[in-house]
Amino acid sequence: MSANSPLISADDEWSPLKAVIVGRAEHSAFPSEPFHAMAATMRKEHLAEFRPGNPFPPEVLEKAQQELDNFAAVLEQNGVRVYRPKEVDWLKVGGFTGAMPRDTFMTVGNTLIESPFPWRCRQKEVQLGYMDILDLLSSDYCARICRAPTIVGRDTIYDGVGGTNGNSETNGSHHWAINNSRPAFETADFMRFGKTIIAQISNVTNKKGIDYVQAMVPEGYTVEILETNEGFTTRHIDATILPLRKGLLVYSPPRVSEESLRSHAVFQDWELHPLPYTPQPEKNPWPPQYMCSPWLVLNGLSLDEKRIFVEEKNKEFADWIRDRFGMEPILLPFAHVNSIGGSFHCSTVDLVRSA
């Protein structure tokens, strides 16, 4: 990248990647929120781990950090500028992790939008981990950085939800783990398709949050809500749909239908392919997959329209996209990062993609 290149500029998920934030795993702790919020989003067999002051196993975090460092090095070898957040003791501050910046920021054109997190354990994440990066990015006079709105007074995001039936207030057309009292979202519930941003309502993203993003994006961009199958999509659109390149998208059939996708004009001329098999969880996996379903196979990061990062164990998926679509999977170890919350897409924020 030249000295005059923009520091923030991305309109899609597949154009050549030029600059990216890659997360850090050290000192990550299990997120701790009201029981109903954890029960709505986490695997039942691990729910007891999601309590205050509980660190992830040190051997998992050590390997996860090695995987993230290796990933960052491979990106740099491919000419990508890589930014890393500060090392923070998330356990000490009652936080979660610095490994999943995709939940924290989204680039839309020349604008970087910060999440107004629903989870209280994440609301210090930017202040503690990312301010140096924001200061550097703000030196680009063409860039806009939209900080999350301040919560004044008591946070009401859980009011009226999480009663004896698990949830008791609607957020949109379905019962979710948060209400619609203030804007709340994680930016991993949004994907860019040129001037169209596709979003989903989930247990961490509400309608007011989506309306807020619409108000923050540059002029000419629109945010559209994707109707997903109730009960399957609990968090994050990037384990539901995966654009491989312009005009070609893979999706999870249990989570979303082709009909729902086709209802958006941006997909009218696209090839839409259901993943032709159902990813199955390993029996007694190591490391334990505390926070993610097997559909994390769709959580890939495109280096460009030909190359995409895939976890090295997902060989069936890698073979399928290679043989069916002529893609070039870049297989890297990432199972320990998966264990604490996501894969290549979750662990990054693509700041610059060149059209």
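Read the figures in this text as sums done on the coordinates, not as results from a lab. The structure presented is a predicted model; accordingly, all values stated were derived computationally and were not measured. Note that each Cβ is placed from the backbone with ideal geometry, even for glycine, and that neighbours are counted across all protein chains shown.
Neighbours of V22 by Cβ distance under 9 Å: Lys/Arg scored +1, Asp/Glu scored -1, total +1.
Using the Karplus relation 6.51 cos²θ - 1.76 cosθ + 1.60 with θ = phi - 60°, the per-residue 3J(HN,Hα) values for region 83-100 come to 10, 10, x, 5, 6, 10, 7, 5, 4, 5, 9, x, x, 10, 7, x, 8, 10 Hz, with x marking Gly and Pro. With coordinates expressed along the principal axes, the C-alpha atoms belonging to region 34-105 extend over 44, 23, 23 Å, beginning with the largest.
Principal axis analysis of the Cα atoms in region 1-41 yields extents of 48, 25, 14 Å, listed in decreasing size. Within region 47-107, the trypsin sites (Lys or Arg not before Pro) that combine a DSSP coil assignment with at most 14 other C-beta atoms in a 10 angstrom radius are K86. The ranking of C142, C346, C292 by Cβ neighbour count inside 10 Å, starting from the fewest, reads C142, C292, C346.
Remark: the chain carries a charge dipole of roughly 340 debye about the Cα centre, counting +1 on each Lys and Arg Cβ and -1 on each Asp and Glu Cβ. Placing unit charges on each Cβ (+1 for Lys and Arg, -1 for Asp and Glu) gives the chain a dipole about its Cα centre, and among G160, I133, A265 the Cα reaching farthest toward its positive end belongs to G160. In the chain, the DSSP beta bridges split such that about 55 percent are antiparallel, to the nearest 5.
Sorting W14, W90 by the number of Cβ atoms found within 10 Å of their own Cβ, with the fewest placed first, yields W14, W90.
Coupling constants for region 19-30 follow from the phi torsions by the Karplus curve (6.51 cos²θ - 1.76 cosθ + 1.60, θ = phi - 60°), and in residue order they are 8, 7, 9, 10, x, 10, 9, 4, 6, 5, 10, 4 Hz; glycine and proline get x. Counted by neighbouring Cβ atoms within 10 Å, the residues W295, W119, W270 run from fewest to most as W270, W295, W119. One Cα centroid belongs to region 272-296, the other to region 25-91; the line between them spans 18 Å. Once you divide the Cα radius of gyration of region 34-159 by 2.2 N^0.38 Å, the number left is 1.20.
Under 5 Å from the amide H of V223 lie the amide H atoms of I197, each residue being 5 or more positions distant or on a separate chain, with H modelled from the backbone and absent for Pro and chain starts.
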